[in-house]
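Report on one structure; see the data block that follows.
The values are calculated or read from the model by the stated rules, or taken from the named source; none is laboratory data. Here the structure is a predicted model, which means the values were calculated and not measured. Cβ atoms come from the backbone with ideal geometry, glycine included; neighbour counts cover every protein chain shown. Calculation scope for accessible area: heavy atoms of the full protein, side chains included, ligands and nucleic acids excluded. Shrake-Rupley method; radii C 1.70, N 1.55, O 1.52, S 1.80 Å.
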Amino acid sequence: MTAQIIDGKAFAATVREKVAGHVARLKEENNVTPGLAVVLVGEDPASQVYVRSKGKQTVEVGMNSYEHKLDADTSEEDLLAVVNKLNNDPDVHGILVQLPLPDHLNEDLIINSIDPAKDVDGFHISNVGLLGTGQKSMVPCTPLGCLMMLRDHHGSLSGMDAVVIGRSNIVGKPMAQLLLGDSCTVTIAHSRTKDLPEVVRRADIVVAAVGRPEMVLGDWIKEGATVIDVGINRIERDGKNKLVGDVDFASASERAGAITPVPGGVGPMTIACLLANTVTACCRANGLAEPEGLTA
Ligand code: NDP
């Protein structure tokens, strides 16, 4: 079998279009413009690139973008004061504190100081608890993007066997919760899992979020399974820098029914879902109907 490629770049463009349509309606019918505030502490080059990209895409869909760039030696007290100001600003519907933070800042403390209703990354402990108990929450962007692609490809996921490889708080665990919410039978695998290839062979859906280049091999994949590759790994091959996923794309695409490539799969969906979450947060804050198809 040669797998169908799930084109995350194209799918992310359709999500952004939906977001832009909803933003236009909010402005016209309700006189409200969704606003996303991004806080960057320090000068980590990768974080600077992400923040620029987020700001650009926020403006492109018609929302207001607020950037707060703080020095690397900003104190916890000063950062908490910035977050508090944003919590109380009615023009700000989404707040994202770019991670990782410099070592002297307590990430959990900062994330949990964000108003959960504005926590568009879905990392606040209240949102984690709401997701875990099947209640309305803000959902972490990368797993939300994976879920949207799976729903788009399969329609209903009910009864499917899903294996999530990785148990991080930002990808693996929320991904598993979302799949459970859609009535999959979910296994979470991690570094201590025994006979991982055999566990993966049971899966109709494989989500790989490990951070190890091309670890998941084609002969681990059940014939016809759907493979979602979250991994982003930089490697050097034939003297060139290359981005690869956690799945060995060449061999896995011979067995899978559908697969996301890296790059161009899950990656572009993450920012698209951040924009979707901001519109959702804005609608909830104003007691308005939420956009269809943009939430879990
Ligand atoms: P973490 O490092 O936080 O978690 C990795 C997980 O993989 C851990 O649970 C770990 O298990 C597990 N693991 C490590 N080695 C093995 C192994 N040999 N066999 C089975 N499981 C293993 O990573 P993240 O969840 O933050 O990210 C995962 C990948 O996704 C990375 O490549 C990252 O760059 C990418 N990513 C991509 C995003 C996107 O927008 N596309 C967004 C976020 C992440 P244990 O808990 O036992 O240590």
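Enter the accessible area per residue of the chain (Å², integer; probe 1.4 Å; all protein chains in place).
Heavy-atom accessible area per residue stands at 47 Å².
With a 1.4 Å probe and all protein chains kept in place, how do Ser53, Ser158, Ser191, Ser47 rank by accessible area, largest first?
Ser191, Ser158, Ser53, Ser47
Give me the log10 of I(q) over I(0) for the chain at q = 0.12 Å⁻¹, as the Debye formula computes it from C-alpha points; what are the numbers?
Treating every Cα as an identical point scatterer, log10 I(q)/I(0) equals -0.78.
Can you list the lysines whose alpha carbon is less than 26 Å from that of Lys194, not counting same-chain residues fewer than 8 positions off?
Partners found: Lys173, Lys222.
Okay, helix-only estimate at 222 nm for the chain: each DSSP H run of n ≥ 4 adds -39500 (n - 2.57), divide by all residues, round to 500 deg cm²/dmol; what do you get?
-12500 deg cm²/dmol
Between Lys242 and Ser126, what length in nm is gained on full extension when 0.36 nm per residue of separation is reduced by their alpha carbon distance?
Length difference between fully extended and current span is 38.0 nm.
Using Cα atoms only, what is the angle between the long axis of helix 76-87 and the major principal axis of the chain, expressed in degrees (0 to 90) to the nearest 10?
Roughly 80 degrees, rounded to the nearest 10.
Out of every Cα-Cα pair in the stretch 141-268, what percent are more than 24 Å apart?
Tail of P(r) above 24 Å: 19 percent of Cα pairs.
Just for the chain, what percent of DSSP beta bridges are antiparallel, to the closest 5?
Among the beta bridges of the chain, antiparallel pairing accounts for roughly 15 percent.
If I compute solvent accessible area with a 1.4 Å probe over the protein chains, what percent of it on the stretch 141-268 is carbon and sulfur?
Exposed carbon and sulfur together represent 48 percent of the surface.
Starting from the 7 Å offset along Cα-to-Cβ, what nm value, one decimal, do you get for the label separation of Ser156 and Glu67?
Each label point lies 7 Å from its Cα, and together they span 4.6 nm.
Using the Cα atoms of the stretch 35-128, I'd like the radius of gyration and the largest Cα-Cα distance, Dmax, both in angstrom.
Answer for the stretch 35-128, Rg first and Dmax second: 12.4, 36 Å.
With r defined as the distance between the Cβ atoms of Thr2 and Asp103 and R0 fixed at 35 Å, what FRET efficiency is calculated, to the nearest 0.05?
Efficiency computed from Cβ-Cβ geometry: 0.15.
What Rg and what Dmax come out for the stretch 124-167 when only alpha-carbon atoms are used, in angstroms?
Looking at the stretch 124-167, its Cα Rg and Dmax stand at 11.9, 31 Å.
Which of the lysines could a cross-linker span from Lys9 if the Cα-Cα distance has to be under 19 Å and same-chain partners fewer than 8 positions apart are dropped?
Filter leaves Lys18, Lys54, Lys56, Lys242.
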